[in-house]
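Asker: First the structure, then my questions, so here it is.
The values are calculated or read from the model by the stated rules, or taken from the named source; none is laboratory data. Owing to the predicted nature of the structure, the values given are computational and were not obtained by experimental measurement. Using ideal geometry, Cβ is built from the backbone for each residue, glycine included, and neighbour counts are taken over all protein chains shown.
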């Protein structure tokens, strides 16, 4: 996906998130236990603000987070989005900026990450409101699956192993194949790492579904009946546990 496509989808999902969550600020968010719709709006606004400051300063803001903003939640999100939009549209995707992902220190990384952050939280707002989940475009969903598996999971396990506790202990290299239409990934888990390749090989276990359903399942926003499983259970359960650490 290109930079302009990320910005287009970021705008659409921000607008849907804001509209949906603002209708009932006290609504519980079932996919984020303990949160209300107001908390969701403040959280996304704070995420936007953090990335904006990183691009402005050329360094992550410290200390962080700031004092709680007294603004009404939707107004706070609107201001944060306005500032994020200004930073992203005034820069080129290849411009350098700090990110938490060492292989990609560019503005393009944040455009992608914020588009994917926003679509997941847009779904959170819809779940809180009890409304139908609006379709997620396949191109964004496939890209999001790639990000979860490669950037959040495989990279995250190597960079922050403490976030995954003892989940790797006992892993013996068995694989899980993941299929979303014509797109395929193979996840191999050992006691020391998670390896992800774009590979259509058959794994010891498998997960398949439409790109949107798989994306939401990987992020814990869809139940098991949204996707199809096959093969032995242990690799699937280990992957499920690892994903909790990767998507927290």
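Asker: Out of 49, 94, report the one residue that is within 29 Å of residue 150 (Cα to Cα) and out of contact with any helix residue (DSSP H, G or I) (no Cβ under 6 Å at 6 or more places or on another chain).
Answerer: Answer to the selection: 94.
Asker: Also: Identify all residues within region 1-17 that are in contact with a helix residue (DSSP H, G or I) (Cβ under 6 Å, 6 or more places away or on another chain) and outside any helix (DSSP H, G or I); write none if there are none.
Answerer: 1, the sole residue that qualifies.
Asker: In addition: Restricting to region 132-170, name every residue that is surrounded by fewer than 19 Cβ atoms within 10 Å (Cβ to Cβ) and part of a loop (DSSP other than H, G, I, E, B).
Answerer: 132, 133, 134, 135, 137, 160, 165, 166, 168, 169, 170
Asker: Take residue 104 and tell me if it is assigned to a helix (DSSP H, G or I) and either out of contact with any helix residue (DSSP H, G or I) (no Cβ under 8 Å at 6 or more places or on another chain) or under 23 Å from residue 180 (Cα atoms) (or both).
Answerer: No.
Asker: Are any residues in region 84-98 assigned to a helix (DSSP H, G or I), surrounded by 18 or more Cβ atoms within 10 Å (Cβ to Cβ) and without any contact (Cβ under 8 Å) to a residue 40 or more places away in the chain, and if so, which ones?
Answerer: Here is the first cut: in region 84-98, the ones assigned to a helix (DSSP H, G or I) are 84-89.
Then drop every residue that is not surrounded by 18 or more Cβ atoms within 10 Å (Cβ to Cβ), which leaves 84, 87-88.
The answer is 84, 87.
Asker: Tell me which residues, restricted to region 18-36, are assigned to a helix (DSSP H, G or I), within 14 Å of residue 75 (Cβ to Cβ) and touching a residue at least 24 places away in the same chain (Cβ under 8 Å). Explain how you work it out, then say what you get.
Answerer: Looking only at region 18-36, we keep the residues that are assigned to a helix (DSSP H, G or I), and these are 18-22.
Filter once more, so that each one left must be within 14 Å of residue 75 (Cβ to Cβ): 18-19, 21-22.
Passing the criteria: 18, 21, 22.
Asker: Of the numbered conditions (1) touching a residue at least 12 places away in the same chain (Cβ under 8 Å); (2) assigned to a helix (DSSP H, G or I); (3) not assigned by TED's automatic domain parsing to the domain that holds residue 58, residue 179 fails exactly one; give the number of that condition.
Answerer: With respect to (1) touching a residue at least 12 places away in the same chain (Cβ under 8 Å); (2) assigned to a helix (DSSP H, G or I); (3) not assigned by TED's automatic domain parsing to the domain that holds residue 58, residue 179 is out only on (2).
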